[in-house]
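The structure appears right after this line, and notes come after that.
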Amino acid sequence: MRILIVGGGYVGLYTALRLQRRLKQELQRGTAEIVVLSPDPYMTYQPFLPEAGAGSISPRHVVVPLRRVLDRCRVLVGEVTSIDHAARTATFTTLATGEEGAGEQTCAYDELVLAPGSVSRTLPVPGLAEHGIGFKTVEEAIGLRNHVIEQMDIASSTRDPAIRDAALTFVFVGGGYAGVEALAELEDMARYTARYYHNLKPADMKWILVEATGRILPEVGEEMGRYTVTELRRRNIDVRLETRLESCADRVAVLSDGARFRTRTVVWTAGVKPHPVLAATDLPRTERGRLRCTAELTVDGAAHAWGAGDAAAVPDVTAEEPGRECAPNAQHAVRQARVLGDNIARSLRGEPLQTYRHKYVGSVASLGLHKGVAHVYGRKLKGYPAWFMHRAYHLSRVPTFNRKARVLAEWTLAGLFKREIVSLGSLEHPRAEFELAAGGKFPQDPKGSS
């Protein structure tokens, strides 16, 4: 019996971990096999991306290597292109597919866990595809950090006021967790970095947050959302509510309120959408493209298929409003994965399935070093207590003791020493210098982010 888990994110990793424990005897006997098919050989703990971008955590400690943690699973690094659940087969490509010239591969399975997660939800905004920067992967987080410091280098070395102004203007679109935490952490980092430039001051930089609705951070409640707006504006961050980005063509951000900003940085964090692979399956989906699931985390109307996380529409049985679905966030994904792993084991043994129920614990958000907001168990916190709770909560949730110890050690050292202010943008094109030395043409944009 083969259990195929598509996706190595929260749901994929935690479900596989749960199954390793619940099916330990079957795995030892060889009567069961767990295959994890993921485009990356690691799971990214996304709540730590803003701190990785600000340099508080090393990038390698934000990710969890699947092969080390899932020692009783078979890990395949590849992209799923289609799934034929009627035939119980998944078609995928690997890094060697192009080299072999043999085309796509197929993997047969008995039980399917479809958890590919989500991707950035973009809109047809002119110039966004050419100039926009995402903030969903560790590569994007580190790339954005390098980019921000490079813009400060450009502003410090140019005599053209227009170039200087554009380099020091940073526009973030989206007032959810990703947008607010990324902006707050990077602004905090850039303000600290400015002290090492002889001709730059924090007041020279413009940080702009654009949100289409009338509030930010809805997860922490309306009161804490208003406090966050006040706190950001106190730091001279321009928060524009009920405003949309209409264009960023020619490196000019045009907003729906008529404002225009010359900028070299547009960070897009305005929501997510289900992974496109769901459209290449024969499984039922909702109008929004998410996998239609039951409260037991089975795919509705499809035997031997399971779903959870961002890509799944799971009924919220604790909601007062009928028909409400669980929000696509990490808190639900981790909890659903535990129930999902247990239910698969129960199903294989003929036992009744559990219903996914959750009790709202609360939400925490970081607004930079020693600053944050939290709404936990009905209590509202702000400032240092909220920031401390944010770190404590996520440290308890990051997988493996190895990662917990490394992150805690980095936080401790960061408190004793000064911040790192180095940009390593050349990592994105590591062969540029060698190609130039070998007689090649030096790339116009050797560091990739400017």
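One table, with the values for the structure above:
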quantity: For the chain, size of Cβ-based charge dipole, Lys and Arg +1, Asp and Glu -1, in debye; calculated: 1500 debye
quantity: Whole-number accessible area per residue in Å² for region 166-314, which is evaluated in the context of all protein chains at 1.4 Å; calculated: 41 Å²
quantity: Rounded if a/c under 1.5, otherwise prolate or oblate - region 1-107, Cα gyration tensor axes; calculated: oblate
quantity: Between 0 and 90°, nearest 10: helix 222-234 axis offset from the chain longest Cα axis; calculated: 30 degrees
quantity: Global form of region 355-402, assessed from the alpha-carbon gyration tensor, a/c cut-off 1.5; calculated: oblate
quantity: Exposed trypsin sites (Lys or Arg not before Pro) absent: longest stretch of the chain, with sites in DSSP loops and at most 11 other Cβ within 10 Å deemed exposed; calculated: 1-158
quantity: Accessible area per residue, Å², region 26-100 with all protein chains present, probe 1.4 Å; calculated: 44 Å²
quantity: Solvent-accessible surface ranking, highest first, for 139, 99, 130 at 1.4 angstrom; calculated: 99, 130, 139
quantity: Computed FRET value (nearest 0.05) for residue 1 with residue 81, which takes r as the C-beta separation and R₀ as 25 Å; calculated: 0.55
quantity: Rg(Cα)/(2.2 N^0.38 Å) for region 200-330, N = residue count; calculated: 1.41
quantity: Estimated FRET transfer efficiency (residue 99, residue 28; beta-carbon r; R0 30 Å; 0.05); calculated: 0.30
quantity: Sulfur and carbon atoms: percent of accessible area, the chain [1.4 Å]; calculated: 52 percent
quantity: Longest segment of the chain lacking chymotrypsin sites (Phe, Trp or Tyr not before Pro) that sit in a DSSP loop with at most 12 other Cβ atoms within 10 Å; calculated: 1-359
quantity: Separation in nanometres of the label points that stand 7 Å from Cα toward Cβ, at residue 226 and residue 288; calculated: 2.7 nm
quantity: Centroid-to-centroid separation of region 43-62 and region 310-376 [C-alpha atoms, Å]; calculated: 23 Å
quantity: Size of charge dipole - region 288-328 - debye, nearest 20, with Cβ of Lys, Arg +1 and Asp, Glu -1, no other charges; calculated: 200 debye
quantity: Estimated distance in nm for a label pair at residue 249 and residue 206, the labels positioned 7 Å out from Cα along Cα-to-Cβ; calculated: 2.1 nm
quantity: On Cα atoms only, tilt of 330-348 relative to the major axis of the chain in degrees; calculated: 10 degrees
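The values are calculated or read from the model by the stated rules, or taken from the named source; none is laboratory data. Note that this is a predicted model, so its numbers are computed, not measured. Glycine gets a Cβ as well: all are built from the backbone with ideal geometry, and neighbour counts include every protein chain shown. The protein model used for the area step is the full one, side chains on, heavy atoms only, and it has no ligands, DNA or RNA in it. Shrake-Rupley method; radii C 1.70, N 1.55, O 1.52, S 1.80 Å.
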